[in-house]
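Undergrad: One structure, as structure tokens, below. Some questions next.
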Amino acid sequence: MKRVLVGMAALAAAFGLVACSGGTAGSASGGGAVPAAASVPTTSASAPTSSSAAPATSSTPPSTPQSTSAKPKPAPKPKPKADPVSTADVPCAAAAAASGTSACVDISAHRAWLLQDGKVIYGPVSMLPGRKGHATPTGTFHVLSKEKMHLSKQFDNAPMPNSVFFYPGDAFHTGSLKVYSHGCIHLSATSSLRFFNTLHIGDVVQVVP
């Protein structure tokens, strides 16, 4: 009787296992639950992040601070002022003493100058005075008038460019440096233009023998 009861208990246990698996007895397939004892704990396969990675390096060299001990460039030396032209060879004391512009004429040397406040600003330049019988007057005079193109009525309207009159009928003007005048002072075209542009009415003109 005891053996019969043991056999029945074993049969009941086998029937209960078949009912939980959802299949027939002895089947190895199915989607039943896995016993808890067979479960394996999940582990992380990722390697821990290392904090010892080498820092990025820059290819640009560190800047070097400029030296504050650099010497400043020396200031350029001022150019020496040009010495004023000497008036030692100008024989016109009155013209050299005059303020403003003035003119000096040396008849015997056939030379002429322009001065500014006693300093030579132009000359000496070549000139020719009046011929015999029509000598250029000597002395200290003043500019009376100026005329860019004067026509001499006395000599058939002869042209006298750049005329600067300092005595009635006598003037500086463009003329031949090979032919003596009738009292005027002949200058080259370049020199007469300079005299015309520089001298003003009232300026001193000194003519020495």
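The values are calculated or read from the model by the stated rules, or taken from the named source; none is laboratory data. Treat the numbers as computed from the prediction; the structure is a model and nothing was measured. With ideal geometry, Cβ positions are generated from the backbone for all residues, glycine too; neighbour counts draw on all protein chains shown. With ligands, DNA and RNA removed, areas are computed over all heavy atoms of the protein, side chains included. Shrake-Rupley method; radii C 1.70, N 1.55, O 1.52, S 1.80 Å.
Undergrad: Restricting attention to region 154-166, and to residues there that are crowded, with 17+ Cβ neighbours inside 10 Å and of a type in the set (A, V, I, L, M, F, W, C), which single residue is modelled with the lowest pLDDT?
TA: That would be 160.
Undergrad: Further question: Say we look at region 192-209 and pick out the residues that are touching a residue at least 60 places away in the same chain (Cβ under 8 Å) and surrounded by fewer than 23 Cβ atoms within 10 Å (Cβ to Cβ); which of these is farthest from residue 121 (Cα to Cα)?
TA: 209
Undergrad: I would also like to ask the following. Which residues, taken from region 167-187, are open to solvent by 40 Å² or more (accessible area, probe 1.4 Å) and either closer than 21 Å to residue 91 by Cβ or among the charged types (D, E, K, R) (or both)?
TA: If the condition is that a residue be open to solvent by 40 Å² or more (accessible area, probe 1.4 Å) and either closer than 21 Å to residue 91 by Cβ or among the charged types (D, E, K, R) (or both), then 167, 177, 178, 180 are the ones that fit.
Undergrad: Only one of (1) of a type in the set (A, V, I, L, M); (2) within 13 Å of residue 112 (Cβ to Cβ); (3) under 41 Å from the mean Cα position of the chain (by Cα) is not met by residue 208, so which one is it?
TA: Condition not satisfied by residue 208: (3).
Undergrad: From the set of residues in region 119-133 that are closer than 15 Å to residue 204 by Cβ and touching a Pro at 6+ places or on another chain (Cβ under 9 Å), which is least open to solvent (accessible area, probe 1.4 Å)?
TA: Only one residue fits best here, namely 120.
Undergrad: Further, regarding this structure: Give region 104-115 a look and list any residue that's open to solvent by less than 70 Å² (accessible area, probe 1.4 Å) and free of Cβ contacts under 8 Å to residues at least 24 places away in the same chain, or say none.
TA: 109, 110, 113
Undergrad: I need the full set of residues from region 148-174 which are of a type in the set (Gly, Ala, Ser) and either under 15 Å from residue 198 (Cα atoms) or touching a Pro at 6+ places or on another chain (Cβ under 9 Å) (or both), in order please.
TA: 152, 163, 171
Undergrad: If the requirement is being surrounded by 18 or more Cβ atoms within 10 Å (Cβ to Cβ), at pLDDT 95 or above, in contact with a Leu (Cβ under 7 Å, 6 or more places away or on another chain) and polar (S, T, N, Q), which of these qualifies: 136, 101?
TA: After applying the criteria, what remains is 101.
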